[in-house]
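The values are calculated or read from the model by the stated rules, or taken from the named source; none is laboratory data. Here the structure is a predicted model, which is why all the values come from computation and not from measurement. Ideal geometry is used to build each Cβ from the backbone, glycine not excepted, and the neighbour counts take in all protein chains shown.
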Amino acid sequence: MSDITLSSAVRQNLLSLQATASLLSETQNKLSTGNKVNSALDSPTNFFTASALNSRSSDINNLLDGIGNGVQILQAANTGITSIQKLVDSAKSIANQALQTTVGYVKSSITSLANSTSTASNLLGTATPTAATFTGTAAVNNLTTPASITGTTSLTTAANSDSLTSGFSSGDTLTINGQTLSFVASGAAGANQINTSDTVTTLLGKIDGLTGGTGSVVTAGKLAINTGTTSDLSITSSNANALTALGISGGVTQARTAGVPALQGKTLTIGATGGGAATSITFGSSAGQVSTLDGLNAALATNNLQASLDTTGKLSITTTNDAASSNIGTVAGTASSTASIGFNGQSVVNAVKDPTSQATRASLISQYNQVIDQITTTAQDSSFNGVNLLNGDTLKLTFNETGTSKLSIAGVGFGPGGLGLSKLTAGTDFTDNAATNKTVTSLTTAATTLRSQASSFGSNLSVVQIRQDFSKSLINVLQTGASNLTLADTNEEAANSQALSTRQSIGVSALSLANTAQQGVLQLLR
C-alpha cells in the first residue's frame, strides 16, 4: 500500500469525507440518545453539573415516599380523632339522658312546724300584736254588781251598781271602734241597741260583740273593756256625763302595740350537703337577713338545697336534684331549738334510693361503657404503615437530601385514659345529677382536647403537604436544569444531519471526479 500514490485532490476529498462521516456519526448519536452531552468527553462541565443535579433530584425523590407516608399517617390520625369525637358526643348524649331521667332517690328533707301565717313573700309570719288596754279611774255609785271579763285591753272603773239607769237616757249613743250602740227605753234588739235598764254586764257584752273581743269584766269596782289583739280600742259617747259615770271620762283611745314575728332574729345553720357550702341564715328584714322564700332559696343554693312552702305554712327544705343521693347536713340554730317555731324537734329524713330510676341509670351506664370500649379500639386502629399517632408513636420526617430539614410530630395517647375518661360503675356513677355532671364535665374536656389536637395535626399535615409539593417542584427544577445542560436540540441536530448527509454526497461525487481523471491517464497508457 505504501507504493500507492494518491493525488492531492483525492487525498483532500478523502479527508473531507472522513470529517463529514465523523460529524454525521456524532449528530446521529445525539438524535438517537436525545443528549448533546453523553460523557465527560462531550462537555466536562455540563456533564458533571448535570450529574450532580440528577443525583440530588434522585435523593429528594427517594424522600418523597417517606413524606407521602407521613401524609397518610397524619390523615389516619385525623380520621381516628374524628371518629373518637363522634363517640365522645354519643357518650355525652347518654349522660344527658341520665340527667333527664327521674331522680334516682327520694330526696333528703326536713319540714318545719306548721305556721299558717308564713307566706312565700313573708316567711317571718304576721306578728301577733299586744292587745290594746285601758283602765278607768272614776268611782260611780250605779255599778253595784261587778262583771268579770278577761283580756288584755281593759277599761277599769270604780263602781257599786250594775244598773245603767242613772247613767244613760234613751237616745244616748256609744261609738265603739266606729260602730254605734244606741240606748233605748225598752225592747232593744240586735247588736247595736241596749236598754237603759240593762246591766253593766249586758253593756260589756254588747261592746265585746262590736269590737270582736272575748268579754269584758268589772273587777274591784273598775270597768274593764278588752278588744284582744284584733283591733285598737276607741270609745266615745253622745252623753259625756254617762261616760264619766262609768269611770271613763273623755272616752277611750288605746292602740295595740306591734308584736314580733315568730322567726324574727332566729338563726338557722345547715352543714355542707352534697359537697356544697355550709349555710348560715338569720331570719329578718334587715340587710343580709332572709324574710322571703326567694331569699331563702338564694341562700340555700350554694349548699345544694331548696325550700318550698305548703298551704298550711309548713316550710320544707330538700336537696336539689344535683345532690339527690346526699343527706341534708346537720341542722342547728335558734330556728331549730326554740319551742313551737321553725324546725324545733323536727328530724332530717335521709335520702332513699329509687330502685326503678336506679335501674334505668344502670342501663345507661352499660351503654356508656360500650362507647368507652369503642374509643379504646378506635384509637388503637388509627395507624398507617405501623405508625399510630393516637397511640403515642412519633412521626419523624426528613425533607432534604442532607437530613438538615426535619419535622418530628409527637403522638398522643387518645385512649379513654388519655382523654380523662373511664368506665362507670352502677350504683356509684349517674346516681344523681351531681355525679352525672362530673361525667359530662369530663366529656366536655375530652371533646375540647380532641378539637385542639385535631387542629395541631391539621397544621402539621398542611406543613407536610406543602413540603411534599415543594419537593416535587424542586425535583422538576433540578431535572430541568440537568436536561438543559445535556439534552440535544432535536430540530437543530436533524438539520445538521441533513446538511452532513448532503455534504457527504457531495464529497463522494468529488472523489469520483478525481478518480475519473486518473482513469483518463490510464487509458492513454494503454
Yes/no for THR229 being more than 25 Å from GLY171 (Cα to Cα), under 60 Å from the mean Cα position of the chain (by Cα) and assigned to a loop (DSSP other than H, G, I, E, B): yes
Answer from PHE343, PHE399, PHE384 - the residue that is under 30 Å from GLY313 (Cα atoms) and among the aromatic types (Phe, Trp, Tyr): PHE343
Of residues in segment 192-226 being part of a loop (DSSP other than H, G, I, E, B) and without any contact (Cβ under 8 Å) to a residue 40 or more places away in the chain, the one surrounded by the fewest Cβ atoms within 10 Å (Cβ to Cβ): GLY212
Breaking point among (1) modelled with pLDDT of 90 or more; (2) assigned to a loop (DSSP other than H, G, I, E, B); (3) surrounded by 14 or more Cβ atoms within 10 Å (Cβ to Cβ), for ALA446: (2)
Conditions (1) of a type in the set (Ser, Thr, Tyr); (2) touching a residue at least 24 places away in the same chain (Cβ under 8 Å); (3) out of contact with any Lys or Arg (no Cβ under 7 Å at 6 or more places or on another chain); number of the one not met by THR230: (2)
Check on LYS396, among the basic types (Lys, Arg) and not assigned by TED's automatic domain parsing to the domain that holds ASN96: no
Answer residue from segment 320-344, given it is without any contact (Cβ under 8 Å) to a residue 60 or more places away in the chain and not aliphatic (A, V, I, L, M) and is surrounded by the most Cβ atoms within 10 Å (Cβ to Cβ) among those: GLY329
Close pairs from segment 441-456: first under 21 Å from ASP322 (Cβ atoms) and assigned by TED's automatic domain parsing to the domain that holds ILE94, partner in a helix (DSSP H, G or I) and not charged (D, E, K, R), Cβ under 8 Å, at least 6 apart: LEU443/VAL88; LEU443/ALA91; LEU443/ALA95
Of all residues making up segment 401-436, the number that are in contact with a Lys or Arg (Cβ under 9 Å, 6 or more places away or on another chain), of a type in the set (Ser, Thr, Tyr), within 23 Å of SER366 (Cβ to Cβ) and part of a loop (DSSP other than H, G, I, E, B): 1
Residue within segment 454-474 that is at pLDDT 65 or above, of a type in the set (Lys, Arg) and closer than 30 Å to ALA91 by Cα present: no
Only listed residue being under 21 Å from the mean Cα position of the chain (by Cα) and either in a helix (DSSP H, G or I) or farther than 14 Å from GLY313 by Cα (or both), chosen from SER90, SER83: SER90
Positions within segment 232-278 being within 30 Å of LEU296 (Cα to Cα), hydrophobic (A, V, I, L, M, F, W, C) and not in a loop (DSSP other than H, G, I, E, B), in sequence order: LEU268, ILE270
Residue count for segment 203-242, restricted to those that are charged (D, E, K, R) and under 22 Å from ALA258 (Cα atoms): 2
Lone unmet requirement of (1) touching a helix residue (DSSP H, G or I) at 6+ places or on another chain (Cβ under 7 Å); (2) free of Cβ contacts under 8 Å to residues at least 12 places away in the same chain for ASP432: (2)
Cβ pairs under 8 Å, 6+ apart, first in segment 271-290 and on the phi > 0 side of the Ramachandran plot, second of a type in the set (S, T, N, Q) and loosely packed, with under 13 Cβ neighbours inside 10 Å: none
